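Step one of this worksheet: look at the structure below.
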Amino acid sequence: MGWNSWNWFADKVTDADIRKAADLIVSTGMRDAGYTYVNIDDTWEGKRDANGVIQTNEKFPDMKALADYVHSKGLKIGIYSSPGPLTCAKYEGSYGHEEQDAKTYADWGIDYLKYDLCGLRVIMNQEHPNDPDAQAKMARDAYMKMHKAIVKAGRPMVYSLCQYGNDQVWQWGPEVGANLWRTTGDIRASYDSMILIGLSQAGLGKYAAPGHWNDPDMLEVGNGKLTHDENIAHMTMWAMLAAPLIAGNNLTEMNDDVRGILTNREVIAIDQDKLGKQAERVFAGDEIEIWSRPLSDGAVALSIMNVSGDRNTMRGLRLPLKEVGFPNGAHAHDVWTGKDLGMIKDTDVMTIPKHGTVMLKLTK
């Protein structure tokens, strides 16, 4: 759990922005809700010195001092690089300097590395044109090389692979030391983007486990023109998926509604449930998606999503209580409202607004 600079600041992010973000993560209660990492995305990089050591650019005059500041707030700090010669934004990558860079990050006090494939793609295409298997091996080898460099540097770091779900990364991510791996292309601040990414995670649950997570990209809660119900749907989907919760909103303008969604303790508890089981789809229709996730206390989280987008809906749909372990009905707790609903049966009908979601915690 944490916050990343890219969704809001993109290439404009500065040292001052990161310090302010750290301040706000504390003052808004996000730190106390579990948001720990303050992650700098692309465009912090300067050139290398005569010995090949990476330097920061003028936007980040002293990375060690910045890391110390973030740590002083009871938070951790993350950074970004690429296995290619250049990053996505054409700044200095780590190609050929993996051990140097990992040591530099450790010396600065970095706690998290997002490692983005895009800078390596040019070389992959040059060395292995029209050979996707060889390109995939090259990517895996590059990720393993940086993993070994991080281990050698001696400072624990969360290792986040960003390669957009190519080459079925979920099958081999743990083998190269990854703690999380992107399963999709970049998210945008729209309901269509969010729901497309969320629903595409069906079938990937068996690859998620404590310490190794599918990553459907950063949260856009509070960004763009997402409505209250769409923000709720977004946060619910990510919690059901046991996804990393990396916020990407403008913290300086975060209103009470967005803060309440991002810091809802019951929702976060489901996301962070120690069993680590990712939800799977149990029903898919034109208007409704229902997903189920087992929890460590024996309960089941159930999300019922109206994906139709044009009307309130439920239309007498039977709840799949038997399929998720409750053939005789279940005691239901509405996670977002905090209300106990008492016993429910599969014939119960709920009205769900367009793009809305009901999230239930079911117990016997």
*List the pairs whose first member sits in the range 40-54 and is on the phi > 0 side of the Ramachandran plot, whose second member is of a type in the set (Asp, Glu), and whose Cβ atoms are under 6 Å apart, counting only residues at least 6 apart or on separate chains?*
43/11
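Among the residues of the range 12-19, is any of a type outside the set (Gly, Ala, Ser), more than 17 Å from residue 218 (Cβ to Cβ) and either without any contact (Cβ under 8 Å) to a residue 40 or more places away in the chain or surrounded by 20 or more Cβ atoms within 10 Å (Cβ to Cβ) (or both)?
Initially, the range 12-19 is screened for residues of a type outside the set (Gly, Ala, Ser), giving 12-15, 17-19.
This time we only want the ones that are more than 17 Å from residue 218 (Cβ to Cβ), so: 14-15, 19.
From what is left, the residues that are either without any contact (Cβ under 8 Å) to a residue 40 or more places away in the chain or surrounded by 20 or more Cβ atoms within 10 Å (Cβ to Cβ) (or both) are none.
No, the range 12-19 has no match at all.
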*Please find, among 267, 282, the residue that is modelled with pLDDT of 95 or more and part of a helix (DSSP H, G or I).*
267
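Being at pLDDT 95 or above, more than 24 Å from residue 35 (Cβ to Cβ), surrounded by fewer than 15 Cβ atoms within 10 Å (Cβ to Cβ) and out of contact with any Cys (no Cβ under 9 Å at 6 or more places or on another chain) narrows it down to one residue among 256, 310, 340; which is it? So that I can check it myself, show each step before the final result.
Numbers: 256 fails: more than 24 Å from residue 35 (Cβ to Cβ); 310 fails: at pLDDT 95 or above.
The conditions single out 340.
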_Evaluation of residue 247 against (1) more than 22 Å from the chain's Cα centre (by Cα); (2) buried (at least 18 other Cβ atoms within 10 Å of the Cβ); (3) more than 23 Å from residue 202 (Cβ to Cβ); (4) aliphatic (A, V, I, L, M) (one fails), failing number_ = (1)
*Answer residue from the range 313-329, given it is buried (at least 17 other Cβ atoms within 10 Å of the Cβ) and in contact (Cβ under 8 Å) with a residue 24 or more places away in the chain and is nearest to residue 33 (Cα to Cα) among those*: 324
*Of these, 114, 145, 103, which one is out of contact with any helix residue (DSSP H, G or I) (no Cβ under 8 Å at 6 or more places or on another chain) and charged (D, E, K, R)?*
114
*Could you list, in sequence order, all residues of the range 220-234 that are crowded, with 23+ Cβ neighbours inside 10 Å and within 27 Å of residue 179 (Cβ to Cβ)?*
220, 221, 222, 231, 233, 234
*So residue 32 fits all but one of (1) under 19 Å from the mean Cα position of the chain (by Cα); (2) under 19 Å from residue 112 (Cβ atoms); (3) surrounded by fewer than 18 Cβ atoms within 10 Å (Cβ to Cβ); what number is the exception?*
(2)
_Condition (residue is surrounded by fewer than 22 Cβ atoms within 10 Å (Cβ to Cβ) and either acidic (Asp, Glu) or in a helix (DSSP H, G or I) (or both)) applied to the range 72-80: is it met by at least one residue?_
yes
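If I go through the range 190-203 residue by residue, how many of them are in contact (Cβ under 8 Å) with a residue 24 or more places away in the chain, hydrophobic (A, V, I, L, M, F, W, C) and crowded, with 19+ Cβ neighbours inside 10 Å?
Initially, the range 190-203 is screened for residues in contact (Cβ under 8 Å) with a residue 24 or more places away in the chain, giving 190-191, 193-195, 198-199, 201-203.
Next cut, hydrophobic (A, V, I, L, M, F, W, C) only: 194-195, 199, 202.
So of that shortlist, the ones also crowded, with 19+ Cβ neighbours inside 10 Å come out as 194-195.
Final tally of qualifying residues: 2.
Does residue 99 meet the test of being of a type in the set (Asp, Glu), assigned to a loop (DSSP other than H, G, I, E, B) and farther than 30 Å from residue 255 by Cα?
Numbers: of a type in the set (Asp, Glu): yes; assigned to a loop (DSSP other than H, G, I, E, B): no; farther than 30 Å from residue 255 by Cα: yes.
For residue 99, the condition - of a type in the set (Asp, Glu), assigned to a loop (DSSP other than H, G, I, E, B) and farther than 30 Å from residue 255 by Cα - is not met.
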_residue 65, sole failed condition from (1) outside any loop (DSSP other than H, G, I, E, B); (2) touching a residue at least 24 places away in the same chain (Cβ under 8 Å); (3) not polar (S, T, N, Q)_ = (2)
*Is it the case that some residue within the range 255-267 is within 30 Å of residue 77 (Cβ to Cβ) and in contact with an Asp or Glu (Cβ under 9 Å, 6 or more places away or on another chain)?*
yes
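The values are calculated or read from the model by the stated rules, or taken from the named source; none is laboratory data. Since we're looking at a predicted model, the values are computed, not measured. Positions of Cβ are backbone-derived with ideal geometry, glycine not excepted, and every protein chain shown enters the neighbour counts.
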